[in-house]
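Participant: This is the structure I want to talk about, given as structure tokens.
The values are calculated or read from the model by the stated rules, or taken from the named source; none is laboratory data. It should be emphasised that the depicted structure is a prediction, and the values quoted were computed from it without experimental measurement. Note: ideal-geometry Cβ built from the backbone for every residue, glycine included; neighbour counts use all protein chains shown.
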Amino acid sequence: MELIIVGVNHHTAPIALREKVAFTPDKIATALKHLVNDQDLSELAILSTCNRTELYAVKPQLDPNGIVDWLAEYHQLPKDELADSIYVHQGKAAISHVMRVAIGLDSMVLGEPQILGQLKDSFRLAQASGVMGSDLNRLSQQTYRVAKHVRSTTSIGENPVSVASTAVVLASQLFADISTCNALLIGAGETSELVGKHLRGAGISNITIANRSLANAESLAEVLDGQAVSLNDLAAHLDTTDILISSTASDIPILGKGTVERAIKARRHKPIFMVDLAVPRDIEPEVNELADVYLYSMDDLQAIIADNLNSRADAAKDAELQIELAVDQFLKDAKSLDATDTLVKFRKSNETIKTKELEKALKSLKKGDDPESVLKVFASQLTNKLIHIPSVQIKQATIDERHDVLDAVEQLFQLDNDEQPDP
């Protein structure tokens, strides 16, 4: 398999350049056919996400510079603008790279799972566009198997490594059934939206958004299917809140110890889980002194995330070993397939010779020729035809002093073995 990968990613290129070389979903199918025809490729797939654009091309003795030129021309970019950001992987390194990408080892967030789905989409689109053949198909299937095995045998994706997901996981550890909890988000920005989506994913249906701008709170409430309230009404909603996550740009604390203490009394000391994602902090640190309040700051979450990343890093080492074994097995299987193809050709060639000689012998028998003579001629002619081409090649190898060929013939046909085994 002659696989070449040409690409840019978040390690090699700034977002401004990644945007320029990205392929929108509606244009990939056309780009696939255009590049296949331009470079006369055997097979092709294109993976394009916000963090990477990679072209997986199959063709014997392919020059990657042609793909780089095409990429620059297609996106109307000077080639020099790509020069420092482009990377090329070939052969075994390319196969390993595809598997590393699928598992999330090459992602901005180590072990993130979304990239596997994106990779599957890219192969499906290549298949639908008629530019994906047996080599990429085998690679994709082996890659999916490795990714599944790594995720089932390591902790590469078990521990959350984002602020939003970590906050929700911590909350689920406090409450027996998080789906029954009432959640209150303070702030209506991107962080609150991301946290809200994670809360929804955890099964929480009752989400309230409090914000200085009621209009912004209502916009986010529509996205999360929640309810919006003014920040001025925050205290009135605390006594029914189980989970509170705050993320605003306020210069001063929004929630003080006294307000929280009154809410705890009204709740009859039913616990409140709080996460302060703001810097400066939205919640007074003294709130953490109250019984039945579990307050986590951004530093607390970052410490947990750091531990989780260390855990993923350890899992990544195991994943790398699994990838190495998988790549070796893939290449071994590919060689086996190559041998099968050669054997099929070898057998077909000899079967053709046998069929022709047999037809001659049968015609002679039908004419009434002596069967013994016919068989002798048949055996002689068949032997001569079978060894003719090898004999010519052996003579030429002797003239060219190709001792490697002569040794291979000796070994292949076991010519040093006086007792030839039965077929």
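Results for (1) hydrophobic (A, V, I, L, M, F, W, C); (2) surrounded by 11 or more Cβ atoms within 10 Å (Cβ to Cβ); (3) over 57 Å from the mean Cα position of the chain (by Cα), shown as yes or no for each residue.
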| site | (1), (2), (3) |
| --- | --- |
| L343 | yes, no, no |
| E359 | no, no, no |
| D369 | no, yes, yes |
| L386 | yes, yes, no |
| S391 | no, yes, no |
| I394 | yes, yes, no |
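Participant: Please specify each residue of the range 29-52 satisfying the condition of being β-branched (V, I, T) and within 17 Å of S129 (Cβ to Cβ).
Facilitator: If the condition is that a residue be β-branched (V, I, T) and within 17 Å of S129 (Cβ to Cβ), then T30, V36, I46 are the ones that fit.
Participant: Of the conditions (1) touching a Phe, Trp or Tyr at 6+ places or on another chain (Cβ under 9 Å); (2) crowded, with 18+ Cβ neighbours inside 10 Å, P271 clears all except one; give me its number.
Facilitator: Status for P271: all satisfied but (2).
Participant: Still on this structure, I have one more. Here are Y74, Y56: which of them is in contact with a His (Cβ under 8 Å, 6 or more places away or on another chain) and touching a residue at least 40 places away in the same chain (Cβ under 8 Å)?
Facilitator: On the way: Y56 fails: in contact with a His (Cβ under 8 Å, 6 or more places away or on another chain).
None of the others qualify; the one that does is Y74.
Participant: Checking the conditions here, which among D318, D251 is within 33 Å of the chain's Cα centre (by Cα) and of a type outside the set (V, I, T)? Step through it out loud before you land on a result.
Facilitator: On the way: D251 fails: within 33 Å of the chain's Cα centre (by Cα).
The match here is D318.
Participant: Please go through the range 249-268 and pick out each residue that is within 26 Å of V169 (Cβ to Cβ) and surrounded by fewer than 13 Cβ atoms within 10 Å (Cβ to Cβ).
Facilitator: A249, the sole residue that qualifies.
Participant: Residues that are touching a residue at least 24 places away in the same chain (Cβ under 8 Å), out of contact with any strand residue (DSSP E or B) (no Cβ under 9 Å at 6 or more places or on another chain) and surrounded by fewer than 20 Cβ atoms within 10 Å (Cβ to Cβ): does the range 294-301 have at least one?
Facilitator: Scanning the range 294-301 turns up no residue that is touching a residue at least 24 places away in the same chain (Cβ under 8 Å), out of contact with any strand residue (DSSP E or B) (no Cβ under 9 Å at 6 or more places or on another chain) and surrounded by fewer than 20 Cβ atoms within 10 Å (Cβ to Cβ).
Participant: Name every residue in the range 230-253 that is over 18 Å from L277 (Cβ atoms) and not aliphatic (A, V, I, L, M), in order of residue number.
Facilitator: Passing the criteria: S230, N232, D233, H237, D239, T240.
Participant: Exactly one condition in (1) crowded, with 21+ Cβ neighbours inside 10 Å; (2) over 22 Å from I252 (Cα atoms); (3) at pLDDT 95 or above; (4) among the polar types (S, T, N, Q) is false for T180; which is it?
Facilitator: So T180 meets the others, but not (1).
Participant: Among the listed residues Q141, Q173, Q114, Q127, identify the single one that is farther than 24 Å from L3 by Cβ and free of Cβ contacts under 8 Å to residues at least 24 places away in the same chain.
Facilitator: Q173
Participant: If you don't mind, there's one more thing I want to ask. Here is a list: R262, R268. Which entry is free of Cβ contacts under 8 Å to residues at least 24 places away in the same chain, more than 19 Å from E193 (Cα to Cα) and basic (K, R)?
Facilitator: R268
Participant: Here's another thing I want to ask about it. Where the second residue is among the acidic types (D, E) and surrounded by fewer than 19 Cβ atoms within 10 Å (Cβ to Cβ) and the first is not assigned by TED's automatic domain parsing to the domain that holds A202 and lies in the range 218-240, which pairs have Cβ atoms under 6 Å and are six or more apart or on separate chains?
Facilitator: As it stands, the answer is none, since no pair meets every condition given.
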